[in-house]
Structures are given as structure tokens and as C-alpha cells.
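First the structure, in the form of C-alpha cells, and then the observations on it.
The values are calculated or read from the model by the stated rules, or taken from the named source; none is laboratory data. Only a predicted model underlies this, so the values are computations on that prediction, with no experimental measurement involved. Methodologically, a virtual Cβ is constructed for each residue, glycine included, from the backbone with ideal geometry; neighbour enumeration extends over all protein chains shown.
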Amino acid sequence: MLRFLIRRALGAIVIILLLICLTYFAFFSLAVDPAQLACPPKSCTPELLAQIRSNMHLNLPVYQQFWNYLSGLFVGQDLGTVGHCAAPCFGYSYNAQRFVWDEISANYPATFVLAIGGAIVFLAIGVGLGMLSAWKQGSILDRVASSISLIGQSTQIYFVGPLAMALFVYNLQWLDVPKYVPFTQDPVGCFMGMLLPWLVMSIIFWANYTRQVRSLMLEQLSEDHIRAARAKGMSSRYVWFRYALRGAMAPIITIFGIDLGAVFSGAIITEYTFSIQGLGFLAVKSVNNADLYLELGVLIFSSVAILLFNIIVDAAYALLDPRVRLA
């Protein structure tokens, strides 16, 4: 198991280094002057522009600029008049007037809470409805669950979000106005403030997982080892959870690993829909302001987070299926 995790971690490091290399050269080798983009439009003077160009080391060859940036991620670097940027140094945002890492660290907890909470919700609802639908195959409950999942897959966050706000927050007043409250400060406030965004973001995911789990469970129930277990006199409940569910969970975990990127993408739209200031909100702001260092920092940080979650998913998959460790 340890060797398996080491191989996955080394592969992730290679992917991250390639990503940093490609995105950096794509951002900073453009025809547009990076210093001109970094300079705030309302206060950009020739003196400030020259200062920014010096701080960004644009007088050096591109490969040396990249090496300074890459080494700064691990040991920090000196950014001229801005001062020393401690590791992990993603650069300095002249629009926000602060280091990029300070901007990211102030916003990523909201995105993580939104993504992890939404994933728990759509897994719980999707797997639960899928199992129930497979258990009651052909019944009215099965048809209703299948219809709901089909409708849910056809919806969009930016459409459902405002409707859910109008109905459950302003008209019925069942839920609080969505907002992010740090979990360590107020767990209940964090749960109530993020409940509606979790539910809205999870709709398109649990709808898909309902159909997937139902199909996988029915496929498992038709396998020879399931029929053999029943022939030995094992109870239906034991066979269901001990054999069928375990066989169906391995593909679901694989699908979940693939969906992690989509979860973060959904978090971006959800944050903007409910005015939650997370990484998605920060990414949109960096694009609107053409803030290259902030864009690059959010991209790298999000990529590392997704790869880490994928390693965790791979480890869970390997625990369910030992054959994966030998792959």
C-alpha cells in the first residue's frame, strides 16, 4: 500500500511541475507586457510601471524568471520594493495590494467547505436513492427516483440557485441567507449558512450518482457469486451490503475521483450565485483584473488540491480492490 501511494505521489509531483511550467510560460511569454497588466489602471504611472517591472524581474531571461518563481514556491523570494515573499510565494497582486498567498489563504477555506460539504451531500443522497431504487426495482418508488434524477441532471446551478433563494430563504424563511462562517468559530452557523449552497450544487451530481448506483447494484446482483451466496442461505440484507454494495462502490469511487474537478468547477459557479467569497470568486476577480500572478496562484493551488484528493480517492479504491495496488 505504501509503495502504491508513493507512486501516486511522485506522479502527482510530475504533473504539478509540468502544469506550473506550461501555465507560467503561457502567461508570461505573451505579447502583452506582464508589468502593464499587473499595474492598477487607476494609479498606473511610468514610475510605478518601472518599479513593477523591476520587482517582477522582467529584465531577466524568461527561463530565469521561471526558476525564480519555481524556487520561490519552496523557499520564498525577494520581490524588490515589495519586500521578501515567504514560501509558498505565488507573487504579489498589485490590484489587491497584498501577496497572492495571503489572498488565497483568506479565501480557500470557503471553497473547501463548499466542495467537501457538497460532495458529502450528493454522495449520501445519490448513493442512498440509487440503492433504494435498485432494492425496489420496477416499483413506483423506482420510477419516481429515476424521474427525479433525470430532471436533476438537466438543471443548472445558476438557474436553481436564485429560485431556491427566493423560495426557501425569502418566502418560506426555512433557511438562513447563504454565507460562509468559519467552522472553528461557529459550527452551527457554518452548517446553516452553507446548507442551501450544498444542496443546490449537489443536485446535478446526486442525480447522476442515483442512476449509476442503481445500474451498478443491479449488475452486481446478477453476478454468479451473489447467486452462490444466496444459495448458501445468506440473508438478503447481508448479501446486499457485504457483496453487492462493495462490488458497486469501487466504480463509484473511480467516478468520484473523476468528478472532483467538476466539483471545484461547480463550486466556482455556486460561489458566484450565492456571493460566497472563495477561490472561485477570487479566480473571477483575477480574470477581470488581468491579475496574472493571482490567476496563476489560484490555478496552481486548485490543481494541487484536486491531485491530493485524487490520491485519497486512489487509496480508498486500493483498499476496496487490492488488485489496484499491483497496477
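Which residue, of Val304, Val284, is touching a residue at least 40 places away in the same chain (Cβ under 8 Å), within 30 Å of Leu58 (Cβ to Cβ) and surrounded by fewer than 18 Cβ atoms within 10 Å (Cβ to Cβ)?
On the way: Val284 fails: touching a residue at least 40 places away in the same chain (Cβ under 8 Å).
Only one candidate qualifies: Val304.
Among the residues of segment 36-48, is any within 31 Å of the chain's Cα centre (by Cα) and within 25 Å of Ser303 (Cβ to Cβ)? Quick ask: steps written out before the conclusion?
Filtering segment 36-48 down to residues within 31 Å of the chain's Cα centre (by Cα) leaves 37-40.
Next, only the ones that are within 25 Å of Ser303 (Cβ to Cβ) stay: 37-38.
Scanning segment 36-48, I find at least one residue that is within 31 Å of the chain's Cα centre (by Cα) and within 25 Å of Ser303 (Cβ to Cβ), so the answer is yes.
Search segment 1-36 for residues being part of a helix (DSSP H, G or I) and small (Gly, Ala, Ser), and hand back the single one that is farthest from Leu60 (Cα to Cα).
Just the residues of segment 1-36 that are part of a helix (DSSP H, G or I), to begin with: 2-28, 34-36.
If we keep only those that are small (Gly, Ala, Ser) too, we end up with 9, 11-12, 26, 35.
Values: Ala9: 33, Gly11: 31, Ala12: 30, Ala26: 17, Ala35: 13 Å.
Going through the qualifying residues, I end up with Ala9.
Tallying residues that are within 22 Å of the chain's Cα centre (by Cα), farther than 19 Å from Ile268 by Cα and without any contact (Cβ under 8 Å) to a residue 60 or more places away in the chain within segment 155-187 yields 2.
If we keep just the residues of segment 286-327 that are acidic (Asp, Glu) and at pLDDT 75 or above, which is nearest to Gly247 (Cα to Cα)? Full working, then the answer.
Keep residues of segment 286-327 that are acidic (Asp, Glu), which gives 291, 295, 314, 321.
Next, from what is left, pick out any that are at pLDDT 75 or above: 291, 295, 314.
Values: Asp291: 47, Glu295: 41, Asp314: 16 Å.
Out of the qualifying residues, it is Asp314.
Annotation: of all residues in segment 24-47 being in contact (Cβ under 8 Å) with a residue 24 or more places away in the chain and among the aliphatic types (A, V, I, L, M), the one that is surrounded by the fewest Cβ atoms within 10 Å (Cβ to Cβ) is Leu37.
Looking at this structure, is Leu58 of a type in the set (A, V, I, L, M), outside any helix (DSSP H, G or I) and modelled with pLDDT of 80 or more?
In short, yes.
Of the residues in segment 62-72, not one is of a type in the set (A, V, I, L, M, F, W, C), crowded, with 19+ Cβ neighbours inside 10 Å and either over 30 Å from Leu17 (Cα atoms) or modelled with pLDDT of 90 or more (or both).
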